Amino acid sequence: MKKVALIGASGFIGSELTTELLNRGYEVTAIVRSADKIKNDNKNLKVVSADIFDTDKLAEVLKNNDAVISAYNPGWTNPNIYDDTLKGYHSIIEAVKKAGIKRLQAVGGAGSLLVAPGKTVVDTGVIPNEILPGVKALALVLKDQFLPEKDLDWVFFSPAGTIEPGERTGKYRLGLDTIIADDQGNSKISVQDYAKAMIDELENPKHHQQRFTIGY
């Protein structure tokens, strides 16, 4: 049985990833800020409260897992979301290395996806100002922290422009750096299908040291 550490397991996407992993029989170490956020007595689930910024302690928690999935988000209402996102991912990447784990799969953002050559979603001006700092920070994490990273076998999995509760259909498209949209220009994915695709990638890795994306 594979053992997976999941950072941010109690969040919107993280909780769905937890469900997907447990349904497939994985042993999951759920790493959260507050352990009481997860109400699940599954025998394969271990919940650990950890400070993401304490790299050494985080590395200790990650040890003995086969892979790490990060759904880390410091909180969309956090006034320091920009700085905390950059600082948090720097710590996560270093902790994964210290723990001796090679595979890191990160929940990315859609803001850095291309809508046209040389033009990203952020460049279009459609992203609301209240979430813009977090979106820009995740784009910078990809550019400055993941893309130069050569020691880890990482992936940065960007969702569609809109990710929301829905059905686990298994019918979607995958791509790399260009946003996936339908004929009407809508870019959507359910959080259930996103979680399925993330764990499919874990079980059968097809992307290495690159970003990929999903959409209907």
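Structure summary
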item: Test: residue in the range 90-104 that is touching a Ser or Thr at 6+ places or on another chain (Cβ under 6 Å), under 24 Å from Val4 (Cβ atoms), surrounded by fewer than 17 Cβ atoms within 10 Å (Cβ to Cβ) and in contact (Cβ under 8 Å) with a residue 12 or more places away in the chain; result: yes
item: Test: residue in the range 179-186 that is crowded, with 20+ Cβ neighbours inside 10 Å, within 18 Å of Tyr72 (Cα to Cα) and either out of contact with any Ser or Thr (no Cβ under 8 Å at 6 or more places or on another chain) or not small (Gly, Ala, Ser) (or both); result: no
item: Residues of the range 153-166 satisfying the condition of being assigned to a strand (DSSP E or B) and either touching a Gly at 6+ places or on another chain (Cβ under 8 Å) or loosely packed, with under 15 Cβ neighbours inside 10 Å (or both); result: Phe156, Phe157, Ser158, Thr162, Glu164
item: Residue match in the range 167-178 (condition: surrounded by 21 or more Cβ atoms within 10 Å (Cβ to Cβ), outside any loop (DSSP other than H, G, I, E, B) and not polar (S, T, N, Q)); result: no
item: Close pairs from the range 34-63: first at negative phi, partner surrounded by fewer than 17 Cβ atoms within 10 Å (Cβ to Cβ) and of a type in the set (Asp, Glu), Cβ under 7 Å, at least 6 apart; result: Thr55/Glu94; Lys57/Asp51
item: Residue satisfying condition, being modelled with pLDDT of 95 or more, in contact with a helix residue (DSSP H, G or I) (Cβ under 7 Å, 6 or more places away or on another chain) and of a type in the set (Val, Ile, Thr), within set Ile189, Ile179, Ile127; result: Ile179
item: Counted residues, the range 120-146 - those being farther than 24 Å from Lys196 by Cα and either in a loop (DSSP other than H, G, I, E, B) or in contact (Cβ under 8 Å) with a residue 60 or more places away in the chain (or both); result: 8
item: Strands (runs of 3 or more DSSP E) wholly inside the range 1-119 that include at least 3 residues being under 20 Å from Gln210 (Cα atoms), charged (D, E, K, R) and within 15 Å of the chain's Cα centre (by Cα); result: none
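The values are calculated or read from the model by the stated rules, or taken from the named source; none is laboratory data. On a predicted model such as this, the values are computed, not experimentally measured, just so you know. All Cβ positions, even for glycine, are placed from backbone atoms using ideal geometry, and neighbour counts span all protein chains on display.
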